[in-house]
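Trainee: Shown below is the structure under consideration.
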Amino acid sequence: MKTLFLTLTALSLAFLIGCQENSITDPVVNGPVNKDQAAAPDKYFQGTIPLEHLLADPYPTTNTFYRITGQIEYGFSIYYADPIPPAPQRYLSVRFETNADLQYICTVCPPNEEDQLAGFIAEVSEDYIPLSGNRSSLFEKTFSIQGREDGMVLKVKFLVTDNRIELNAMWLALPNANQVATIINHY
């Protein structure tokens, strides 16, 4: 009877151990994990980028430039697509509000009243930018220039970090791929 009791105890103990969840396959977590973190951003950042630059004319002419004056207001939040370490996947939800004027400047021509305003940019947009592991990314955005018939656009390259957006480069380009403007303002 003693042997039967020990055998039943050993079998019930083995059954209980075998039915428990295996903790070897569970992920290792060094801190608290919030599964809802992907749905809500941590912080909201905003700022203004002044646009006061001289840009080269994308047409193959010499000594002609465009002066851009205005600003880009931005606001962004950081979202986590996968917050679990060691490689969390993050992206920014950025809202750009751009207002700028483009003025034609010819250095060898006499000033002309009709050529003063060559176009303007008035645009509101929302973009999603992935952030790489080093917490900074380059992001290129194209703004259409209104008031022009040739399809000229403003291309802007931004340096994006966890807490700000900076202007990295800016240039004018034409829709024809064979004509590319040189970058005169590189930061």
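No lab work stands behind these numbers, since they all come straight from the coordinates. None of these values were measured; they are calculated from a predicted model. No Cβ is skipped: glycine too gets one built from the backbone with ideal geometry, and neighbour counts run over all protein chains shown.
Trainee: How much length would be gained if the chain were fully extended between E166 and Q103, taking 0.36 nm per residue of separation minus their Cα-Cα distance, in nm to one decimal?
Mentor: My answer for the length gained is 20.3 nm.
Trainee: A further question on this structure: Treat each spin label as a single point 7 Å out from the Cα along the C-beta direction, and report the E140 to Q116 distance in nm.
Mentor: 3.5
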